[in-house]
Each structure stands twice: as structure tokens, then as C-alpha cells.
Amino acid sequence: MFTPKYTISNRLLANIKRITEIIADLNSQSFSGIVLAKLERIAKEISAFSSTSIEGNPLPLTDVKRILKNRPEYIRDSEKEVLNYNKALIELDKLFKAGDASFNENLILKIQKIITEGLIEKHRSGKLRQEPVFVNNPRTRQTVYLPPDHKDVRELLKNLLKYVNKNEDKIDPLILAGIFHKQFVIIHPFIDGNGRTARLTTKALLARMGLDTFNLFSFENYYNQNVSKYFREVGVIGNYYEIKEDIDFTIWLEYFTDGIIDELLRVKKTLDKETVSPGKELKKYHQKIINYIEKHGYISDRDYVKLTDRAKPTRNLDFKKLIELGMIEKLGKGKATYYKMK
């Protein structure tokens, strides 16, 4: 049975209180659909950039934005990493909006499979590791941590998930999500993609437990600002079997909640600058257009017909409004006309 060791320190308690206050303030306000859609897009860009950058992806944020917008057909591995991460974000968003996301091993395997698709061997993608791994210091390249034997991985992961699901209504969501994040990294259940999977799954857990700003913020951004500190706080040093009884989660939980505060304040600052305007409010049919473009890269009127029963003149007005709001742009001519995110 997994029983983590941690202390609810004054700093951790103050952080939880501060996060609760910020979220309550955000939830009490009303923002236009156009503003929220814009922030969701920015959050996905920052998350895809930051989480892959943490693992050594060299692409700058400007390139990440370009890739997510244009979705080039021929791509390098570094570009595929970004596209895969963004795809996982979109899939998680769909699951939670549909209420279909159970927090279990299948969800974790699905996330890892998406982010590693086309980047590692197929028999290792979406599968728990069947061989030993070593964690090296990124600077010295020396081994600093020996994770659990692969024969113990499934049971350790099962115990972690059991602990999370059993305590979902008993332990503060922020503490529970933080414990999951670090213990997942400690277990190191995959050959590749452990860090990205940990961050995405933690994001999913926070959303499942009611952090309503899931689509608007990117705590990966905080970690990427000081990658060395992130690795130092989330990781451990030594042989798992020799140190497992002495692992204390307290300092990590303080750092983890520091990161959420930092990102929530960034989101709050952005939202505070925006005002609700009826003329900028997105309707459901506008959102369908945006969602389709985010998934497929572009949309034509032929595509839009399949999503709505609105008449052609009205569909033209829908596209026109999104163009006027600066969200999409019109490309091509005549029957070859299509629309992309601007």
C-alpha cells in the first residue's frame, strides 16, 4: 500500500489558501467566449512548448506556435513531439467535456501512447516498460537514480491510482495532484515520455477534481522557467529500494503549489485586462468552427455544413464575424476557399 510521507507546512497551507482565493475570484467573473477561446489557444501553445522544452526539445515558442497553426505534413521529431503533446491536450479536453475521463491506468497509457506516437518503437508506445531504466543527470550524464524494477511497475502504479481514487474526497486536490505527480516520476513506468505523461496526467487530475481553469493555464510554464530546479524537486537520488521509505513530499508540494499560483496569477492578470462585450461573445456554432480548425488545421464551408444546419448566407456571416474578431483568416478563392486560425 502506498502511504506518502508529507507535512502540511505553513507555506503549503498558505499556498492552498491563496490558490482557492484566486480560483474563487476567477469563477465569480464573466468573460466573453472570444477571450476564453484566445486564452485556451495560448495555454495549449505554452503547454506544448514548455513541457517538450523541459525534456530538451530545442524549438522556440515562435516555432511551436507556427507548427500548431500550420501543421506541416513533413516534420522532424522535435516538431512531432510538439504536435503529439498538443493532440493529447485536445483529447483530454474532449474526454472531460464529455464526462468520459476515468482516472485509471488506461488513461495514463493512452496519454503516453499519444505523446510518443511515431517517436519510439510501437511495442513501447502505450505500454508499461518491460526493462530497466536509468535516470541521468542532464548536465553530467551520470546516473543519479535507479527506478523500480520493471516487474514492480504495474503494482506500484496500481497502488498510486488506488491511493488517489480512495482519497479524492478526503485530501485536498492540490496535495493529491502533487503527490501523484512526484510518485509517478519516481515509479518511472515508461521507457520514454515519463515527464510529459506525468504533467499531462496531473493536469487531467486537477481538472477532474474541479480546477475550472484547466484549459486556461499551463503549470508546465513555471517548471520550464527553471528546469534544473524542477528536476531537483520532482526527482530523487539513489536506488529506489534503498530510499523509498525516506522520501518526503513536503518540499515538492510547496514548489508544486508555488507553480500553480504563479500561472494562475498570469491568467488572472490577462483576464483582468479584458471586459465582457456582447459583440464579442462567441455562440456555440462559432465555437464549432474554432474546435474544428484546432483539430484539423483548417475548415471549409463544406466541412461546416456537416457541423450545422445553418443556411449558407448565415454560415458566411459566422465566418465573417470570426474574421472581424481576428480569430481566423480566409484563404483561397471560390470553391477552394478555406479558413485557418489567424
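What follows draws every value from the coordinates through simple rules; no lab data is involved. Computed from a predicted structure; not experimentally measured. When we count neighbours, we look across all protein chains shown, and the Cβ atoms used for this are built from the backbone with ideal geometry, even at glycine.
Each of His150, His123, His181, His286 was scored by other Cβ atoms within 10 Å of its Cβ. Listed from fewest to most, they are His123, His150, His286, His181.
Estimated from the Cβ-Cβ distance and a Förster radius of 41 angstrom, the FRET efficiency linking Asp309 and Arg154 is about 0.25. Model label points for Tyr285 and Ile171, set 7 angstrom from Cα along the Cα-to-Cβ axis, are 4.9 nm apart. The simple Förster model, with R0 at 22 Å and r as the Cβ-Cβ distance, assigns Arg302 and Lys69 a FRET efficiency of 0.55.
Near Ile328, the amide H atoms lying under 5 Å from its own belong to Ile323, Lys342; only residues 5 or more places off or on other chains count, and H is placed 1.01 Å from N.
Across the stretch 332-340, computed HN-Hα scalar couplings (Karplus, 6.51 cos²θ - 1.76 cosθ + 1.60, θ = phi - 60°) run x, 9, x, 5, 8, 5, 8, 10, 10 Hz from first to last residue, x flagging Gly and Pro.
For the stretch 242-342, the list of GluC sites (Glu not before Pro) that fall in a loop by DSSP and count at most 16 other C-beta atoms within 10 angstrom reads Glu274, Glu281.
With a/c under 1.5 counting as rounded, go ahead and sort the stretch 282-341 into rounded, prolate or oblate using the C-alpha gyration tensor (a ≥ b ≥ c being the square roots of the eigenvalues; past the cut-off, prolate if a/b is larger than b/c, else oblate). Rounded. For Arg129, the residues whose amide H sits under 5 Å from its own are Phe190, Ile191, ignoring neighbours fewer than 5 places away on the same chain, with H placed 1.01 Å from N. Net length available on complete extension from Ile323 to Lys94 is 79.9 nm, with 0.36 nm assigned per residue and the Cα-Cα distance removed. Full extension of the segment from Lys340 to Thr140, taken as 0.36 nm per residue of separation minus the current Cα-Cα distance, would add 67.6 nm. Cβ crowding within 10 Å, taken as a proxy for footprinting-reagent exposure, orders Ser53, Ser32, Ser218 from fewest neighbours to most as Ser32, Ser53, Ser218. A straight chain from Asn106 to Ser30 at 0.36 nm per residue would run longer than the Cα-Cα distance by 23.8 nm.
Per-residue Cβ neighbour counts within 10 Å put Ser78, Ser125 in the sequence Ser78, Ser125, beginning with the fewest. Hydrodynamic estimate: the Kirkwood radius of the chain over Cα pairs, inserted into Stokes-Einstein at 10 °C and 1.306 mPa s, corresponds to D of 74 µm²/s.
Rounded to the nearest whole Hz, the Karplus-based 3J(HN,Hα) values (6.51 cos²θ - 1.76 cosθ + 1.60, θ = phi - 60°) of the stretch 39-55 follow the sequence 5, 4, 5, 4, 4, 5, 4, 5, 5, 4, 5, 5, 5, 6, 5, 4, 8, with x at glycine and proline. When shorter helices are ignored and each DSSP H run of at least 4 residues is given -39500 (n - 2.57), the per-residue value for the chain at 222 nm works out to -19000 deg cm²/dmol.
The simple spin-label model puts a point 7 Å past each Cα toward its Cβ; for Lys122 and Ala14 those points are separated by 5.5 nm. Kirkwood hydrodynamic radius computed over the stretch 235-342 comes to 18.0 Å, based on all pairs of distinct alpha carbons.
In order along the stretch 124-136, phi translates into HN-Hα couplings of 10, 8, x, 10, 5, 5, 10, 7, x, 10, 10, 9, 9 Hz, rounded to whole numbers, per the Karplus curve 6.51 cos²θ - 1.76 cosθ + 1.60 with θ = phi - 60° and x for Gly and Pro. Pairs with C-alpha atoms separated by more than 23 Å, drawn from the list Lys127/Lys288; Lys38/Lys97; Lys38/Lys340, are Lys127/Lys288. For Tyr145, the residues whose modelled amide H falls within less than 5 Å of its own, excluding neighbours fewer than 5 places apart on the same chain, are Val135, Gly238.
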